[in-house]
1. Taking the solvent-accessible surface of protein heavy atoms with a 1.4 Å probe, what is the per residue accessible area of the range 468-514 in Å²?
2. Ignoring ligands, DNA and RNA, what percent of the accessible area of the range 254-400 is carbon or sulfur (1.4 Å)?
3. Return the distance in nm (one decimal) between the two label points of a simple spin-label model at A205 and D531, each offset 7 Å from Cα along Cα→Cβ.
4. Excluding W143 itself, calculate the net charge of residues whose Cβ lies under 12 Å from the Cβ of W143, where each Lys or Arg counts +1 and each Asp or Glu counts -1.
5. Among the listed pairs K69/K320; K69/K210; K131/K421; K320/K462, which have their C-alpha atoms separated by more than 23 angstrom in this model?
6. Determine ³J(HN,Hα), in whole Hz, for all residues of the range 373-390 in sequence, where each value follows from phi through the Karplus function 6.51 cos²θ - 1.76 cosθ + 1.60 and θ = phi - 60°; x replaces Gly and Pro.
7. Output the peptides 358-365, 59-66 sorted from most to least packed, where packing is the average of other Cβ atoms within 10 Å over each peptide's residues.
8. Provide the gained length on full extension for the span T214 to K184, in nm with one decimal, where the gain is 0.36 nm per separating residue minus the Cα-Cα distance.
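The values are calculated or read from the model by the stated rules, or taken from the named source; none is laboratory data. Just so it is clear, the structure is predicted and the values come from calculations on it, not from any experiment. Using ideal geometry, Cβ is built from the backbone for each residue, glycine included, and neighbour counts are taken over all protein chains shown. Ligands, DNA and RNA are stripped out before the accessible areas are found, and what is left, the full protein with its side chains, is counted by its heavy atoms. Shrake-Rupley method; radii C 1.70, N 1.55, O 1.52, S 1.80 Å.
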Amino acid sequence: MSLLTKLAVYSLLATSVTCLQLPFKLPFFKSKEDVLTDNQVAPEVTPRIAIVGAGAAGSSAAFWISKAKERFGIDVEIDVYERASYVGGRSTIVYPYNDTTLAPMELGASIFVDANKNLMRAAKEFNLTLKNFIDEYSDTGIWDGQKFNIMLDEGTYSKSWWTTLKVLWRYGYSAPMKTQSIVKNMIADYVSLYTAASPRWDDIADLAEKMNWTDFVNSTTLEYLSSRGISEKWSREMVEAATRVNYGQDVDKIQALEGACSLAATGASGVRDGNFLIFENFLNHSGANVYLNTEVRDILRVPASSRWIVHSSSGSKIYKAVILAAPFHQTNITVPSDLAELIPPQPYVHLHVTLLTTRSESTNPAYFGLSPGEKVPKVILTTYEGVRAGGVEPEFNSISVHGQIQKVPGSEDEGPEWKVKIFSKERVSDEWLEKVFGRLDGYTAKSLPQWDAYPVLPPTSKFPPVRLDQGFYYVNAFEPFISTMETETVASRNVVDLLLHAEFGSGLCGSQLSGTETGEGDTPRDGGSEDFVLGWDC
């Protein structure tokens, strides 16, 4: 299968939903009783930084601060507040049958790729075992609600060639190759954010201009690709399959930078035992005080001071700086009105996820208009193109068979079962499952509540400020620009660097400013190696 035909397949894994069961304990975290009560709000001798949120952004922010403490002796304490009972945000796992002897299923952001240098480096530094996803998703179909527009097979050499010929026959040679070039160039620009010359930014529109991405974020994916001579059939089918499974949005709605990110799946990997382990390790290595099950109620200015007071469900503390590392409008946190006005509402895509175990290796051919016994792809992605042609919308965003459950030898039921994940706009019923799978006996299904899985990402030229006020920073200002767990760690690194320079006079890599800000005369940081990753190696 050619590289571009693989892109939509591998991108299925990069989705975001919530959790069913917490598979881990966090013995090193503080209990909520350790937070000061309301009559204990006097500032302490050691300055403190509050981080609100313990997902990818918040956990990595704590880690970046700890790196600066190690390198330059910055005297600061870190408190991380998380209203949930677990770390990882939208990255978490469940076990089939809640049986921890079985391999887990990733429910949150499922993959990261070679270009995601922070997550790759973290997995290596924390000795986490990676799972390669390249060969797991071999058979893929693109469904428009009434028919498969194309089915892609991979396995033998002849099948791979046949798939390539089908793609070329339907879409031509130019569209896949031009798209591949666009994605390749975007990645080459993106990885500059890990170099010593990476800019520090407090205005994301300025960053887009520096990265030559203004056209990307100001256009829909369809507009951008069409303006570069790429056929609409390719964009509305192959590319849209990727944007729908990754972000639940169509190519004529989602901005082009995220459209390109949907296709950047080279080297797709994930932590074998759950990606949440990266974020747990960030916090474990940071030395931060982590308060789970603790809801922050308001973040307010201390009168006649540059400090901030954080009121939570467990008490109050005063801080030199605050990092908000969660979507502001989902937190219900009260901030000064002049700051709240700076953050426009961010709508999210509503999604349902259904998990099954089934004794059937594939879905029912009859549901898809195929003959009895005819092979149904293991991964079914969707396009809105059928609706545009006057047809019906697919009843799901994606269906994927995630391999066989590896049961313990000697278990009560050793019959083969397969894991299935379904993403849909609406909650699916047992009756619908029976249509899709033919029968329900032998099935165990769990459907999660509706979840705000991804930000709605239309073209835009305006973004929330990264620095809301002196000592108050907003990591999720980056989310309307690029929304992935990796870019949350990049955005948090930038926020930490800004904060440390402003409040402590020494950033993540010392007092030196980046090359973009200081000009050619300054001594660059030691970043000549290809393995150099800014924040880890400065």
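1. 19 Å²
2. In the range 254-400, the share of accessible area belonging to carbon and sulfur is 50 percent.
3. Going from the A205 label point to the D531 one covers 4.2 nm.
4. Its environment carries a net charge of -4.
5. Distance filter (> 23 Å) returns K69/K210; K320/K462.
6. Computed from phi, the couplings for the range 373-390 are x, 6, 5, 9, x, 6, 10, 10, 9, 9, 9, 8, 5, x, 5, 4, 8, x Hz.
7. Per-residue Cβ counts within 10 Å, averaged per peptide and sorted highest first, yield 59-66, 358-365.
8. 9.1 nm
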